[in-house]
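This report refers to the structure that appears directly beneath it.
The values are calculated or read from the model by the stated rules, or taken from the named source; none is laboratory data. These figures come from a predicted structure and were not determined experimentally. A quick note on method: Cβ atoms are made from the backbone with ideal geometry, for glycine too, and the neighbour counts reach across all protein chains shown.
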Amino acid sequence: MSEPDPPAAKGRPKRGIVPVLIGFVLALFLGGAGFYLTYSGILAGQAAPQAESPNDLPDIAFVPIAPVTVSLPEANGQGNLRFTAQIEVVRSHAAEVEALMPRIVDVLNGYLRAVEPASLQQVGALARVRAQLLRRIQIVTGEGRVRDLLVTEFIFG
């Protein structure tokens, strides 16, 4: 007695891995092309972002702040904080910011005297102090005049 032929497999016929690979390669290619078109601005109708040349720098000025030395109480006696900075302003507002310098120095002194000496020794202390002082200076001078605060000297000891 001979065995009957096995019944044909029902369902989908076996397919190779080739269509999966083709789909994967197409997805990578189309994803890369979409990224390039979006990043370069072709898709949105904008020009590609370009690096600034030295001639394209914004019209800014730097207003120096007189050095501020603050006595801070410590457990071992007295400690001093020496702080020097420059204020980055839009050039058209430089004279206005210079006229407000006494108020700016007052804000600096008030904040720096209130800072706990132990907090000045923590990691990131300069960044926190800088952010707090910049916000206070922006409040004193008014919105849109001060762009940044550049700390040039910060000595605690």
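Within the stretch 100-157, the residues that satisfy the criterion of being of a type in the set (S, T, N, Q) and at pLDDT 90 or above are Asn109, Gln132, Gln138, Thr141, Thr152. The set of residues in the stretch 102-130 being surrounded by fewer than 12 Cβ atoms within 10 Å (Cβ to Cβ) and either touching a residue at least 40 places away in the same chain (Cβ under 8 Å) or more than 21 Å from Ser71 (Cβ to Cβ) (or both) consists of Val123, Gly124, Ala127. Scanning the stretch 124-147 for residues that are closer than 17 Å to Ala95 by Cβ and in a helix (DSSP H, G or I) yields a count of 3.
Somewhere in the stretch 68-78, is a residue surrounded by fewer than 13 Cβ atoms within 10 Å (Cβ to Cβ) and touching a Phe, Trp or Tyr at 6+ places or on another chain (Cβ under 8 Å)? Yes, some residue in the stretch 68-78 is surrounded by fewer than 13 Cβ atoms within 10 Å (Cβ to Cβ) and touching a Phe, Trp or Tyr at 6+ places or on another chain (Cβ under 8 Å).
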